[in-house]
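For reference, the structure is listed below as structure tokens.
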Amino acid sequence: MLEKNFDPKSAEPRLYSAWETSGAFAPTDDPAAEPFSIVIPPPNVTGSLHIGHALNNTLQDVLIRFERMRGKAALWLPGTDHAGIATQMVVERQLAAQGNIGRRDMGREAFIAKVWAWKAESGGTITNQLRRLGASCDWSRERFTLDEGLSAAVRKVFVTLHKQNLLYRDKRLVNWDPHLQTAISDLEVEQREVDGHYWHFAYPLEDGSGEIVVATTRPETMLGDTAVAVNPADDRYKDLIGRAVRLPIVNRPIPIVADDYADPEKGSGAVKITPAHDFNDFQVGKRHSLPMINILDDFGRINANAPSDYQGLDRFEARDKVVATFEALGLLRAIEPTRHAVPHGDRSGVVVEPYLTDQWFVDAETLAQPAIRAVEEGRTVLEPKAWEKTYFEWMRNIEPWCVSRQLWWGHRIPAWYGPDGTIFVEETEAEARAKALEHYGHEEPLRQDEDVLDTWFSSGLWPFSTLGWPEQTSDLARFYPTHTLVTGFDIIFYWVARMMMMGLHFTGEVPFQRVFFNALVRDASGKKMSKSKGNVMDPLELVDDYGADALRFTLTAMSGQGRDIKLSTQRIEGYRNFGTKLWNAARFCQMNGCARLADFDPASAESALNRWIIGETRKTAQAVTEALAGCGFDDAANLLYRFIWNTFCDWYVELSKPVLTGADEGARQESQAVAAWVLDVILKLLHPIMPFLTEELWAQTADLGAARPEGMLISALWPDLPASLVDPIAEAQIGLVIAAISEGRSVRAELNVPHSARPPLLVIEASQAQQAVLTAYASVIVQTLRVSELKLEAIAPEGAIPFVVEGATLALPVAAFIDLAAEKARLAKEIAGHAADIDRTARKLGNPDFVARAPEEVVEENRERLAEAEATRSKLESALRRLEAVV
RNA sequence: GGACGUGUAGCUCAGCGGGAGAGCACCUCGUUGACAUCGAGGGGGUCACAGGUUCAAUCCCUGUCACGUCCA
């Protein structure tokens, strides 16, 4: 006998290890099986599972379990990302907290050893958390972006792109993070609105004949100014073009140049130009061949290119000093408060600086072209479709991708420099040496590039590097291109776009046929959850409290496309209760001898009730299958919820009770077999979303009746039921029984008929067929509706309360128990409702345009509606008249 | 400033051209042996606002307002 409740705490670990040891997570070897592969979006190796991971991985697990049960060679390839900046920061913070020396004092090798030690210690955390969620990844294929194989792929890609001139070293302005002392890509920069000021500075003309006023939000950059620009069409400054101002503080003459970049409408119409510290000014500087004076060091302090009393000052200290000095010089013309966007590093949170350095860049524009075409041609489909526009927008305006980072944790750039600066880009140091020997004619010492690659460089190769590329492995041949990628839209540019570019360039094929962007889990105010904001929910706690299945079902049911998820524990609790409901329905079946029949054919069922539930089961199976195949996860969950609770438990189980406890052995046996059959189908359909509870029920019902052909549920075959199982006649019959009971209950409740009252249920007016059905199901109607008996009567006796069900008039003689005034009110209200309906429908049918132009079936539908409403109304009206005659 | 999305019951959300739905919350009733993590019934919405298209608009179009996200 089943316990009263499912116990997730004890069952989950047991079931998970049973799955894992059975080998069910690995794709079948059957060569005839169609491959279906998903690569996991690799979480940070030292991270821990947050609610977004829980959603993303639940959906992947739902898909992979579904396709596995459909007989495909389903591979869900797991792994983790070394996450350069994030991990390095964590370890540095840890070292600092433990009072250790900093990484720079420690040296590169020692520091990296520390990171590896941390990875060894905490790297299993997140994968273990995925296991707790029930993720059926093939752990035997687990990868890490710094694995030797994946590192080889990275070197191969780097060297190949370099030889194809798609990757190059260049001196350009980059976003520099002074806290982390590294370049970061455009994507890693977050624009934040902050309050600031426009400081209006007067720059005196060189010849002393006047001044020109410029405004800036970053006064300290004036130390690096090399020009003032005015618009060539601006009459105010026409005469000044080509002349010079003397830059205060620095005391350097700089030219006034004409450039369209200067907007006559803004401020004074003149702008200071700092080519080494502003992206727009950089372009102006190039056009006018201006000097580019870098005034900052790696830490954001003023360097030796500025006057000596500024050197070593932090950029913000320098800002104050510049302003104070201008004021002292009498050159500060105005201070204007303003709100403006300031770039911040998304990891460090500090203000980033445009900074002139040597970095490695990927020619993203060239790589983007095939990636754009692949989506245009539908070789990769983005779901929901709306994301394609975002993807195109980004791809068509893509900038060179800065891939070097001044960090230590990551893939070191495979470039070696000779003493004269000649660069040798090769996959190994030995090859670089060979090239150097060739180049110099003799041995020269080589120095490897100190920098590492952007984490997303290796993530960009993930769909094929994890399958063994550049080796032509059997996994690569079988599982690439992968089928579906499930990920968050927040990394569409970081990751999806880069995988598209890299995948197409190096394999000639798209990395995945379909991308499903899951919603983002946000906090109550709609803000993205993040550790720094402290608004994260811990999925592991939720698993502890409600079980993994409840969390999984909640996330699946709420995963509607294109909407953010706001998670509440109430909701999770509700779905935990849903699991309990199913558990107890199974318990009921067990208690009532429901057992599988060997070779049971659902088409052979005879009773209308059984034929009806079999048809409903078929319809649900069909709809769930279609939903899951099309990534309609929420639809699948809601279909199952309604079917299991409202159809199976509320009606089928209830209506079956008299049969299961009745004397008709043939009927009982059929119902027992049908219930067992439906339950098995339910377990299968629900398994992808609630794997633990269903697997446990599967096991605990294993010896009820005939043995199942399958072993564990995880490996069972997905239901494929023929449409012929749907029987419209049974549907109509059971529909009438359900409607009669529902209406009868409603009448009882609304009129406050005492619970103990047992009037008979009278069938006053009904077709032959209706009478037959009601009579056949009399025992269940009697029991469910708490009536004494079901009787056919030609005329309703005085004081009987009538109700109309599908054209049939039934009545409950309960006048003795009730308040007749209340009943009159009830009838009047119902009549009024019908009257309004009749009025609207009649008016519509009276409109010649409607009759002429609406589709015939719509017109017909309205005619039927009108006829039925009128018939119902007249029956209710005569009932009301009878009632009035009594009172 | 540009792009995209969202405004439906108290809350969280489905529905998206032919009479508005669910879960939770709320109210009433109920310990009939699967389940009180339950059952039965009920109240509650000019589907943001204004125009337009249509025989018909919550649904399509335009505009407005509010909120959100992304990109400048």
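Details
- Cβ-derived FRET efficiency at R0 51 Å, A:Asp7 paired with A:Gln771, nearest 0.05: 0.55
- When the convex hull of its Cα atoms is projected in every direction, mean area for segment A:158-279 (nm²): 10.7
- Straightening the chain between A:Asp564 and A:Leu597 buys 7.3 nm, computed as 0.36 nm per residue apart minus the Cα-Cα spacing.
- Local electrostatic count, A:Asp454, Cβ distance below 9 Å [Lys/Arg +1, Asp/Glu -1]: 0
- Segment A:Ala794-A:Ala867, length gained on full extension (0.36 nm per residue, minus Cα span): 24.0 nm
- Each label point was placed 7 Å from the Cα along the Cα-to-Cβ direction; for A:Trp645 and A:Phe316 their separation is 5.2 nm.
- Put simply, the amide H of A:Val381, placed in the peptide plane, has neighbours under 5 Å in A:Arg514, A:Val515, leaving out anything fewer than 5 places away on its chain.
- The residues packed around A:Gly107, meaning those with a beta-carbon under 13 Å from its beta-carbon, carry a net charge of +1 if Lys and Arg are +1 and Asp and Glu are -1.
- Label sites at A:Asp263 and A:Ala110, each approximated as a point 7 angstrom past Cα along Cα to Cβ, lie 5.2 nm apart.
- Computed E for A:Arg243/A:Glu431 - FRET, C-beta separation, R0 56 angstrom, nearest 0.05: 0.50
- Ellipsoid semi-axes for segment A:662-812, based on the Cα gyration tensor and the rule √(5λ), read 40, 17, 15 Å when sorted largest first.
- Amide proton proximity set for A:Val245, modelled H, under 5 Å, gap of 5+: A:Glu206, A:Ile254, A:Ile256
- Candidate lysines for bridging to A:Lys684, where Cα separation is under 20 Å - those fewer than 8 sequence places away on the same chain excluded: A:Lys72, A:Lys581, A:Lys619
- Restricting segment A:796-828 to GluC sites (Glu not before Pro) in coil, as DSSP defines it, with at most 13 other Cβ within 10 Å: A:Glu798
- Full-stretch length increase - A:Asn305, A:Ile101 - with 0.36 nm per residue and alpha-carbon distance subtracted: 70.3 nm
- Cα→Cβ-extended label distance, 7 Å offset, between A:Ala842 and A:Asn294, nm: 8.8
- Placed amide H near A:Phe36: partners under 5 Å, 5+ positions off or other chain: A:Ala73, A:Ala74, A:Leu75
- In straight-distance terms, cross-link reach from A:Lys435 covers every one of the lysines whose alpha-carbon lies under 17 Å from its own, apart from those fewer than eight places away in the same chain; here that gives A:Lys156, A:Lys163.
- 3J(HN,Hα) along segment A:13-18: x, 4, 5, 4, 6, 5 Hz, from the Karplus curve 6.51 cos²θ - 1.76 cosθ + 1.60 with θ = phi - 60°, whole Hz, x for Gly and Pro.
- Against the rule of thumb 2.2 N^0.38 Å, how large the Cα Rg of segment A:73-152 comes out: 1.31
- Sorted by Cβ neighbour density within 10 Å, fewest at the top, the residues A:Arg881, A:Arg865: A:Arg881, A:Arg865
- The phi torsions of segment A:67-75, fed into the Karplus equation with coefficients 6.51, -1.76 and 1.60 and a -60° offset, translate into couplings of 5, 4, 5, 7, x, 7, 7, 8, 10 Hz, rounded to whole numbers, with Gly and Pro shown as x.
- Proximal charge balance of A:Ala629 [Cβ under 10 Å; K/R count +1, D/E count -1]: -1
- Our Cα-only numbers for segment A:743-887 put the radius of gyration and Dmax at 17.4, 55 Å.
- Using the Cβ-Cβ distance between A:Glu541 and A:Arg236 with R0 set to 45 Å, the FRET efficiency from 1/(1 + (r/R0)^6) comes to roughly 0.10.
- Restriction of the GluC sites (Glu not before Pro) in segment A:224-331 to DSSP coil positions whose beta-carbon has at most 10 other beta-carbons within 10 angstrom yields A:Glu265.
- Scalar couplings 3J(HN,Hα) for segment A:488-497, obtained by applying the Karplus form with A = 6.51, B = -1.76, C = 1.60 to θ = phi - 60°, are x, 6, 5, 10, 4, 7, 3, 10, 4, 4 Hz; x denotes Gly and Pro.
- Cleavage-rule hits (GluC sites (Glu not before Pro)) in segment A:435-506: DSSP loop, at most 15 neighbouring Cβ within 10 angstrom: A:Glu443, A:Glu450, A:Glu471
- Per-q log10 I(q)/I(0), chain A, q = 0.07, 0.09 Å⁻¹ (Debye; single scatterer per alpha-carbon; no solvent): -0.76, -1.01
Read-outs: derived from the displayed coordinates by stated rules, not from any lab. Keep in mind that what you see is a predicted model, and the values were worked out from it rather than measured. Virtual Cβ from ideal backbone geometry, glycine too; neighbours counted across all protein chains shown.
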